[in-house]
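Quick notes on the structure that follows.
Nothing in this text is a laboratory measurement; each read-out follows from the coordinates by a stated rule. Bear in mind that the values here come from a model prediction, so they are computed numbers and not experimental data. Every residue, glycine among them, receives a Cβ derived from its backbone with ideal geometry; neighbour counts consider all protein chains shown.
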Amino acid sequence: MAFVLLGGWWFTLFVTSVVAWTSYELWQLLRRAGHQSSLLITLLTALAAFFTVQPPNLALPIPFLALTLALLVSLAWLLPRVPSRCFADWAVSFAGGFYLGWAGGHLARLMALPPDGRWWLSLALATAWSADSAAYAFGRLFGRHKLAPMISPGKTWEGYIAGVALSTLAGLVIGQLSPLQLIPCLVTGALVGALSIFGDLVESSIKRQAHVKDSGQVIPGHGGVFDRIDSLLWAGVIVFCVAAIELNLPLF
C-alpha cells in the first residue's frame, strides 16, 4: 500500500521486483518439472515485456527492441546447448517470462489511468481477492462438484460461482465509493470473478508438473510470490481492457 500511495516510478519498480522474483520462482518450477529452462531468458524476457506495456511517460526507450532481441538472441544462444531439445527449453523459458512480464505490466499500468489510477488498481485488487476468498471459503464449506479435478482438485463449481458473485459485489462497492462509473465496475467485477481463476489454474498446472504445493516459501503461510499474484495477473489485464474501452484509450 505504501508503494501504491507513492505511485509513479515507485509503484512501477515495486511491481517490477515482484515480476522479477516470480520469474525466479517460475524458473525453479520449470526445472523441477524436467525442463532445462534458462533463468536469464525468463528474467530478461519478463522485464522486456513488462516495460513494453508501460505508457510512454513511464516506458523505457527501447523495450520493444529489447523484447525482439530476447526473442531472437535467446533462441540462438540455446541452440548449441542440447540440440535435441533446445527449442522446447527455449519455448518454456521465453513463454514463461513473456506471460509474467506482459500481464504484470498491465497491472502496473493501471496506476497511470485517469482519473485516478489508484482506483483502477483498487478495482483489480478488490475483485481478484474477493473472488479468491469466496471461492476458497464457500468451496470448502459447500463444494461438491469439482471444477478442474485433473489440475486443482480442491476447486469446485460452488466455490467458483460464489467467487463470481462476491467479485461482482466488490465491483459494485468500488463503483459506489470511487469516481469510476458504476457499470464498468460491475462488468469488471463479473469478468474478473469469471476469468481470473484461469491464472490460478495456470499456476496449479505448472506446480502439478513440478510436484510441489507452493511456488516458494518467501511468504510464511502463503507460499511464494507467484502463489499470491497468479489471479492478479489476469485481473490486471481484464481491468485495463475495460478501462481502455470505457475511457476510449488505445490498448497499446
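When the Cα positions of Gln36, Ala170, Phe226 are compared along the charge dipole of the chain, Gln36 comes out farthest toward the positive end, with charges on each C-beta of Lys, Arg, Asp and Glu. The trypsin sites (Lys or Arg not before Pro) of the range 64-148 that meet both conditions, a loop assignment by DSSP and at most 14 other Cβ atoms within 10 Å of the site Cβ, are Arg81, Arg85, Arg144. For trypsin sites (Lys or Arg not before Pro), the sites in the range 154-252 that DSSP calls loop and that have at most 11 other Cβ atoms within 10 Å are Lys213. Dividing the convex hull volume of the alpha-carbon atoms in the chain by its residue count gives 121 Å³ per residue.
Order the peptides 230-242, 170-182 from the highest to the lowest mean number of other Cβ atoms within 10 Å of their residues. Mind dumping the intermediate values first?
Working: 230-242: 25.3, 170-182: 17.2.
Per-residue Cβ counts within 10 Å, averaged per peptide and sorted highest first, yield 230-242, 170-182.
Mean sequence separation of contacting Cα pairs (under 8 Å, at least six apart), scaled by the length of the chain, corresponds to a relative contact order of 20 percent. Amide H contacts for Lys155 (H built 1.01 Å from N in the peptide plane; partners 5 or more residues away or on another chain; cut-off under 5 Å): Leu147, Ala148.
Could you line up His35, His106 from fewest to most neighbouring Cβ atoms inside 10 Å?
On the way: His35 19, His106 23.
The order, fewest Cβ neighbours first, is His35, His106.
Sorting Trp10, Trp129 from the fewest to the most surrounding beta carbons within 10 angstrom yields Trp10, Trp129.
For the pair Val212 and Trp157, label points projected 7 Å from Cα toward Cβ lie 3.4 nm apart. Applying the Karplus relation 6.51 cos²θ - 1.76 cosθ + 1.60 with θ = phi - 60° to the range 120-132 yields 3J(HN,Hα) values of 5, 5, 4, 5, 5, 5, 5, 6, 5, 5, 5, 4, 5 Hz, where x marks Gly and Pro.
Whole-Hz Karplus values for the range 199-210 come out as x, 5, 5, 4, 5, 4, 5, 5, 5, 5, 5, 8 Hz, taken residue by residue from phi with 6.51 cos²θ - 1.76 cosθ + 1.60 and θ = phi - 60°; glycine and proline positions read x.
Working note: Karplus 6.51/-1.76/1.60 with θ = phi - 60° gives the range 137-150 the couplings 5, 5, x, 5, 7, 10, x, 10, 9, 5, 7, 9, x, 6 Hz, where Gly and Pro are set to x.
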